[in-house]
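Student: I'd like to ask some things about the structure below.
The values are calculated or read from the model by the stated rules, or taken from the named source; none is laboratory data. It should be emphasised that the depicted structure is a prediction, and the values quoted were computed from it without experimental measurement. Cβ coordinates were reconstructed from backbone atoms using ideal geometry, including for glycine residues, and neighbour counts include every protein chain displayed. Side chains are part of the model used for accessible areas, which takes the heavy atoms of the whole protein and leaves out ligands, DNA and RNA. Shrake-Rupley method; radii C 1.70, N 1.55, O 1.52, S 1.80 Å.
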Amino acid sequence: MNEMDNKWIGKNTIRPDGADKVTGRAEYAADTIMPGMIWGKVLRSPHPHATIKSINTKKAEELDGVFSVATSADCVDFPVDTPVILGIQDIRWMARNVLAKEKVLFHGHPIAAVAARTEEIAEKACELIEVEYNIHPWAIEIDDAIKPNAPILHDFINFDGKPSNIAGTLEHKKGNIEEGFKEADVVIEREFETAAVHQGYLETHACLVSVSPDDRTTIWSSSQGQFMVRAMTSFITGIPQSSIRAIPAEIGGGFGGKTIVYLEPVATILSKKSGRPVKMVMTREEVMRASGPTSGSKSKVKIGAKNNGKITAAQGTFYLQAGAFPGAPIRGAAGCCLAPYDIPNAHTFGYDVVSNRSKVAAYRAPGAPIGAYAVECVLDEVAEALKMCPLEFRLKNAAKEGTKAVHGPTYPVMGYVETLEACLSHPHYKAPLKKLQGRGYASGFWFNAGGESSAQVNITEDGNVVVTTGHPDIGGSRASIANITAELLGIDVNRVSVLIGDTATIGFSNLTGGSRVLFASALVVTESTNQVIDILKDRASKIWNIDKEAIEWENGEARPAGDNAGKFKPLSLVELAEQATPTGGPIGAGHQVNTVGAEGGFATHICDVEVDIELGIARIIRYTAAQDVGKAIHPAYVEGQLQGGVVQGIGWALNEEYIYNKEGKLDNPGFLDYRIPVCSDLPMIDTILVEVPNPQHPQGVRGVGEVPIVPPLSAIANAIYNAIGTRFYSLPMSPPKVLEKISD
Amino acid sequence: MSEVKFISPETIEQAVDAYSKSSKEGKTKILAGGTDLLVQIRSGISQPDTIIDIKNIKELKEISNDNGSYTIGAAVAGAVLDEEEDFGNNWPGVLEALRLIGSEQIQGRASLGGNLCNASPAGDSVPALIASGATVKIQGPEGERKMPIESFHVGPGKTNLKNGEIVVNFQFPKKQRNSGDAYLRMIPRTEMDIAVVGCAVNVTIENDKCVDARVALGAVAPKALLVEDASKALIGSNFEKEAVEKASLACEAACNPIDDKRGTISYRKKVSKVLFKRALEKAIERAKKG
Ligand SMILES: Cc1cc2nc3c(=O)[nH]c(=O)nc-3n(C[C@H](O)[C@H](O)[C@H](O)COP(=O)(O)OP(=O)(O)OC[C@H]3O[C@@H](n4cnc5c(N)ncnc54)[C@H](O)[C@@H]3O)c2cc1C
């Protein structure tokens, strides 16, 4: 496809979901209601760590208005010693996270649930459930969880031959680091900490589930994967997947946090037991206490370089909180942190640490911001010691096509260097700074993903197009798919309607995560559309009675080509659709495949801050994000992804944190004291879309949604140092922390 | 929430009567803008069986100006007071404190009376009201009484209101010539946050000399404070460095904060000095303009 001739790809077409959202018509999970519907509520643990001795639900069941009660006894039993892997999750843990079984492992851990005529009755009934606990000491912070004699969360987890809260490790090795550090002229080693942070989606978890007497189950819910909802609900309830239809609602934000279930299996059990449709909606407080967040961390990074600016060795150790069950994103931290660089000798190590916090969920490039924060801050110090510009220093060590990455692969075509060059030539790089203002830089990487995807492209009777895919749209995939389909068919984009199918109407599609969706669905949609074009040519060949090979598809119509050129009047899509029945029937095609060839994404950010040194407040005053986006199919959406990632990174760096009190309970379970940035905290965020197309994709697409949250933490820390000469090794850099360190 | 009785009286007497007959302590609640009360009901902190809406009582919704001396009804919403142009010219510090409460939407409801009676140590308008020298008029079953704002609170969530008493209005002194007030707060974000420290200053200047000063702090103690030692340090001075420093140290000394999720003790103490100096500067600037 010739770049210059693109009519729709690369255009900011109107968002297909826009009108519904701005007029309040969009249906989110909590908007669905059914006749006879009742309400479910969850009883949550008042203790951070305890063994459940008994649960007595009798009084709750007897309360007027109560229809059913659920506990883990109603779930399929998954023995603790047998892994049941689904994607990156283990159903053993998922089941116990949804309804606690042997133990409660964090304050807010669900223990039981009640369905009743009203939410109020359900809440009251929860209070009537009697639970006997054997209370244990708890560990919240990593240090408390890994010290000798720490309270052990899971008896069966061993590390170094002893019961431990270290549930897993991961290692990447390249070359020989001892030799590498010996060669270095400058070696810098630092320790870092980051706080646990929540994804902060506005829409709280919600679902409506209706189970009929023959177990056929319909689930309406907000998630990042209707097939994930179906599978997890099936595992936990024992209802076969073929009997479950999961219908995705419009989603009010997920950022990774909606890649697992909390409510759906519980509502399914409650509905099955009561015979009524059951609706459950979490409060914000429940979301904060018991869903998400991503890991807090402790890490240590050491980097050595020669006076000529070449990095000779790098080492990183990352401890990440998993929350109550194993599964911290150590791969993102240990795997992504050195990915932008060509480093001969490197060793990274990750530890998956369980503690009495809510189980972590994916959050935009899970783990990668944590790893990059430590590495990019140390790089800034090494560059300073070498008296090099931090961007030139990165350029000198940048990974390129053919570089063997520390985490394994040898890179194909990639655009990291281009992001550095774009920053170096951007006016922001040279803009003057005033007193107490500073500039910081950082880069970042995310793997990106492919995976299973299905699509169906159908031509309507009036000659328009309906495309169905299977991934919830959280970042603009519908608009982008419309652009691509319109481009391939050569028709106006407004004639293409893109829908997200449910689990019964479209083939299996892996969840929306890993920045996979446009990469994967564009592949299957392209293949399906090409098949449709083939069918259209076939129909034209029947009408004209010539060879299909002698027909070309151009500008939305079939044209006779070669010897036949000009012999017949071209047939438009509308005309072909009109004659669909006599020429063979409905026109449409689908494709489903495990997509491969997703390539990583790289970004480099420039950040300016101004620090009020009397109050300890750092304000972001200018921000520029450059990223290799492969090909921006819908540039406004791509920019939105970059800006959104930066904003979440700013929150992570400056104010967001899970604060636990002395009783092991989250002390700030709401948006007042869990401080995500508000609009007035933010500058305009410039984006530079570097386009180095992914050669393994028909449109050159690379994932773009996750990389932009990777650099901000360190870009901001480096900018603060540049402004006031103090380095911060602990996030968030909140005003009390900043002022304390400056006053020292 | 179970069933709640909602009363909407039109006179103070009716309100006081209903309020004083409340069944159990805390079970009957006064509702002004509801921006605190509704949040508290939703979160289960407050579980009233009766709500008395005072927004239909004329006196509580009135703004009057008697020869430069303002009376503001306890239930007047922030946005309404904001439109009263001359009030802001007289008490820009009080108005800027009130304006900081919440957002556009909250402003349409939030009242000075609610902010005061909610008795949060971090309530933004309270230090500004103290610095202004305003008094509050209270009416209860035993009649009417007045109180300076600084005497109103006992501690977090606790006031000196007796059973059945409601706040009727705020009475401001006539603004002195060459006086000015200002309020500043420290929050980690730029909006939608709770004061970690708040500071209000009201000064009167004659021939470059400070002839009157009132300094108040919020969020640094169980209740908002009038810092009399800071006033003493300023009155009679030319706002020279030493006097300002002394007053700022008085602010620091007056602080009796806690370590909590919103800030540490040492942070609050340091910030009280900084905010005092910044608010003073602003108040002086305003005083010099008249
Ligand atoms: C999103 C949001 C942001 C906020 N931001 C801020 C902020 O930045 N700064 C700040 O200080 N506050 C803030 N608040 C709190 C609140 O808006 C203020 O305290 C407001 O002034 C309360 O006024 P109201 O009229 O809504 O009070 P209400 O909620 O009606 O009443 C508050 C309390 O006072 C009692 N009461 C009210 N009037 C009287 C009366 N006349 N006599 C006796 N008792 C009475 C009520 O019974 C209740 O206990 C915020 C609230 C929200 C929801």
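Student: What value in Å³ per residue do you get for the convex hull of the alpha-carbon atoms in the stretch B:173-236?
Tutor: Convex hull volume per residue, Cα atoms: 113 Å³.
Student: Any idea how far the Cα center of the stretch B:80-155 sits from the one of the stretch A:259-314, in Å?
Tutor: 43 Å
Student: Report, as an integer, the average count of C-beta atoms from other chains found within 10 Å of each Cβ along B:258-270.
Tutor: Mean shielding count: 4.
Student: Sequence-distant or interchain residues sharing an amide H contact under 5 Å with A:G168, placed H: which?
Tutor: Close amide H contacts, sequence-distant or interchain: A:D352.
Student: Which residues in the stretch B:58-73 have a backbone N closer than 18 Å to a point placed 7 Å from the Cα of B:E144 along the Cα-to-Cβ line?
Tutor: Inside the label zone: B:58-67, B:69-73.
Student: Here is a further query. Roughly how many whole Å is it from the C-alpha centroid of the stretch A:326-353 to that of the stretch B:239-290?
Tutor: Their Cα centres are 47 Å away from one another.
Student: Quick check on the stretch B:179-288: take the gyration tensor over C-alpha atoms, sort the square-rooted eigenvalues as a ≥ b ≥ c, and tell me if it's rounded (a/c under 1.5), prolate or oblate.
Tutor: Prolate shape, in that a/c is at least 1.5 and a/b is the bigger ratio.
Student: What net charge is computed for the residues neighbouring A:Q456, neighbours being all others with C-beta under 15 Å from the C-beta of A:Q456, Lys and Arg scored +1, Asp and Glu -1?
Tutor: Overall, the nearby charge balance is -2.
Student: Averaged over peptide B:273-279, how many Cβ atoms belonging to another chain are found within 10 Å of each residue's Cβ?
Tutor: For this peptide, the per-residue mean of nearby foreign Cβ atoms is 2.
Student: Once you order the gyration tensor axes a ≥ b ≥ c over the Cα atoms, which shape class does the stretch B:5-53 get: rounded for a/c under 1.5, otherwise prolate or oblate by comparing a/b with b/c?
Tutor: oblate
Student: What total accessible surface area, summed over both chains, is buried at the interface between chains A and B, computed with a 1.4 Å probe and given in Å² to the nearest 100?
Tutor: 2000 Å²
Student: Shifting gears a bit: Which of the lysines could a cross-linker bridge to A:K58, judged by Cα under 16 Å and excluding same-chain residues fewer than eight apart?
Tutor: Output for A:K58: A:K124, A:K273.
Student: Next up: Amide H of A:A100: which non-local residues (sequence gap of 5 or more, or other chain) have their own amide H closer than 5 Å, using H built in the peptide plane?
Tutor: Here A:I111 satisfy the definition.
Student: In whole Hz and in residue order, list the ³J(HN,Hα) couplings for the stretch A:608-614 that follow from phi through the Karplus curve 6.51 cos²θ - 1.76 cosθ + 1.60, θ = phi - 60°; x for Gly and Pro.
Tutor: 3J(HN,Hα) across the stretch A:608-614, in whole Hz: 10, 10, 10, 10, 8, 6, 7.
Student: So, with a 1.4 angstrom probe, what is the percent of accessible area on the stretch B:186-290 that is carbon and sulfur?
Tutor: 49 percent
Student: What's the angle, to the nearest 10 degrees (0 to 90), between helix B:241-254's Cα axis and the longest principal axis of chain B?
Tutor: Relative to chain B, helix B:241-254 is tipped by roughly 30 degrees.
Student: Check each of the trypsin sites (Lys or Arg not before Pro) in the stretch A:279-310 and keep only those in coil by DSSP with at most 14 other C-beta atoms within 10 angstrom; list them in order.
Tutor: Answer by residue number: A:K306.
Student: Give me a comma-separated list of calculated 3J(HN,Hα) values for the stretch A:51-59, in order, Karplus coefficients 6.51, -1.76, 1.60 applied at θ = phi - 60°, integers in Hz, x for any Gly or Pro.
Tutor: 8, 8, 7, 7, 10, 10, 9, 4, 4
Student: Quick one: check the C-alpha center-to-center distance for the stretch A:31-83 versus the stretch A:671-727, whole angstrom.
Tutor: Each part reduced to its Cα centre gives a spacing of 41 Å.
Student: Regarding the protein assembly as shown, what whole-number volume in Å³ per residue does the convex hull of its Cα atoms give?
Tutor: 200 Å³
Student: Still on this structure, please answer the following. If you take each beta carbon of peptide A:9-15 and count the beta carbons of other chains within 10 angstrom, what is the mean?
Tutor: 0
Student: Using the heavy atoms of the protein chains and a 1.4 angstrom probe, tell me the accessible area per residue for the protein assembly as shown in square angstrom.
Tutor: On a per-residue basis, 39 Å².
Student: Considering only DSSP states other than H, G, I, E and B, which chymotrypsin sites (Phe, Trp or Tyr not before Pro) in the stretch A:124-185 qualify as loop sites with at most 12 other Cβ atoms within 10 Å?
Tutor: Answer by residue number: A:F156.
Student: Out of residues 5 or more away from B:T159 or on other chains, whose amide H comes under 5 Å of its own, with H placed 1.01 Å from N in the peptide plane?
Tutor: Long-range HN contacts for B:T159: B:V154.
Student: Name the residues of the stretch A:676-699 whose accessible area falls by at least 40 Å² when all protein chains are present instead of the chain alone, probe 1.4 Å?
Tutor: Buried-area filter returns A:V678, A:S680.
Student: How large is ³J(HN,Hα), in whole Hz, for each residue of the stretch A:597-604 in order, when computed from phi with the Karplus curve 6.51 cos²θ - 1.76 cosθ + 1.60 and θ = phi - 60°, using x for Gly and Pro?
Tutor: With coefficients 6.51, -1.76 and 1.60, one gets x, 5, 10, x, x, 10, 9, 9 Hz.
Student: Can you give the calculated 222 nm mean residue ellipticity of chain A, where each DSSP H run of n ≥ 4 adds -39,500 (n - 2.57) and the sum is split over every residue, rounded to the nearest 500 deg cm²/dmol?
Tutor: -8000 deg cm²/dmol
Student: Place a +1 charge on the Cβ of each Lys and Arg in the stretch A:371-476 and a -1 charge on the Cβ of each Asp and Glu, then give the dipole magnitude about the Cα centre in debye, rounded to the nearest 20.
Tutor: Charge dipole, the stretch A:371-476, about its Cα centre: 800 debye, nearest 20.
Student: Further question on the same structure: Once you list every other residue whose beta carbon is under 11 Å from the beta carbon of B:I57, what net charge do they have if Lys and Arg are +1 and Asp and Glu are -1?
Tutor: Spelling it out: positives minus negatives among the neighbours equals -2.
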